[in-house]
Amino acid sequence: MPVCSSEASNYELKDELGKGFIDLTTVYLARHTPTGTLITARLTDLESCSDEHLKVLQNEVVMSQFFRHPNIMSSWKMFTSGNWLWLVCPFMAYGSAGSLLKTYNPDGMSEALISHILYGALKGLNYLHQNGYIHRNVKASHILISGEGLVSLSGLRRLYSMVRRGQKAKVAFDFPHLSTTMLPWLSPELLRQDLYGYNVKSDIYSVGITACELATGRVPFLDMHRTQMLLQKLKGPPHNPLYGNAFPCEESPMKNSRSGVDSGIGESVVAASMTQTMTSERLQTPYRKTFSSALQNLVELCLQQDPEKRPSAGTLLSHTFFKQVREQTNGSVLSLLPSLAQHSKPLSVVPSFANWNKSCHITQNENKDWIF
């Protein structure tokens, strides 16, 4: 880890890479001028954050420094400057798997690249799960790729610890206030919010949805009305989201919730009338790409309705779909990615810190360590 400063004036902001955290955070490509190191600077406007936002942000910031694993995104330095929280992180030259998908593979990535991306994400998840944490935020835009092809899992703001008073709980009952845009990736048991709760297998369901996202360029359930999507998830998908192949259904698709009561979205009233609509909307013309039996099996395993029947992250790492990844050399993934010369943006979009500082009203003598 390079030595980075806690002085905003030591960073030259180069290029705005995107927004995050409901647009409260702006992500920049920047240069640490004393060493010349390219880094990613995440600047969050604390003045615009509510108490709930600050709690979520605190969780992510603490966890990004607590974990030490090559497949978990870490931060090198954090500090405040005026009303802005700076989080200095490694520069991931290829950005997220989601951005690669939109820019270079709108109809889906090759299975070779998918296997490398998911394998790295699963290694990060396995580390989190072994330490008693549920990620609750797995999707393509939270999987980052470095210039050397290293895959790191980010999006730690919704992380939940299963360890309470020195004991590891079997299930969690914490249901975070998530953006509706995250719903397609979430497991049925997390959305159900019943007395059975959920556990780390909830993340495995999200891996299955992410696999479909990377393979097809489309997010399953995203084209549905929210109520339809919730019903479809709670009752079990009638088909493999990779395309219109039937899933082996273990139970009737219109069974009651595990708790034996209505799950809170009016199932008993609207289920019958919506079944035909959901089926006709989702069973559209089958996706024209064909997928290997290994990928199809991986998706089916991850999206099983019963979380106990889903494999663990550690077990999935030995799945047939990842056989080539386990055997390949470290640098072989670079042949699957676009060249950095083609991928990189010009480094002159954002003015230097001296000019940016004036527009944001940040004074350099207000720098201080972030205290919780």
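Computed quantities for the displayed model
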item: Debye, to nearest 20: dipole size of region 13-88, +1 on Lys, Arg Cβ, -1 on Asp, Glu Cβ; result: 420 debye
item: Protection proxy ranking, peptides 301-313, 203-215, average beta carbon neighbours within 10 Å, highest first; result: 203-215, 301-313
item: Cβ crowding within 10 Å averaged over residues, with 78-89, 4-15 ranked highest first; result: 78-89, 4-15
item: Cβ-defined net charge surrounding SER187, 10 Å radius [Lys, Arg +1; Asp, Glu -1]; result: +3
item: Charge context of ILE143, other residues only, Cβ under 14 angstrom, K/R +1, D/E -1; result: +1
item: Alpha-carbon centroid distance for the pair region 1-78 / region 119-162, whole angstrom; result: 17 Å
item: Ranked by how many other beta carbons lie within 10 Å on average, peptides 130-138, 167-175 from highest; result: 130-138, 167-175
item: Contour excess over end-to-end distance, with Cα ends at SER332 and ALA169 and 0.36 nm allotted per residue; result: 54.7 nm
item: Over 31 Å between alpha carbons, listed pairs LYS77/LYS323; LYS235/LYS289; LYS14/LYS102; result: LYS77/LYS323
item: Summed residue charge, Cβ within 14 Å of GLY98's Cβ, Lys/Arg positive, Asp/Glu negative; result: +3
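No lab work stands behind these numbers, since they all come straight from the coordinates. Source: prediction; values computed, not measured. No Cβ is skipped: glycine too gets one built from the backbone with ideal geometry, and neighbour counts run over all protein chains shown.
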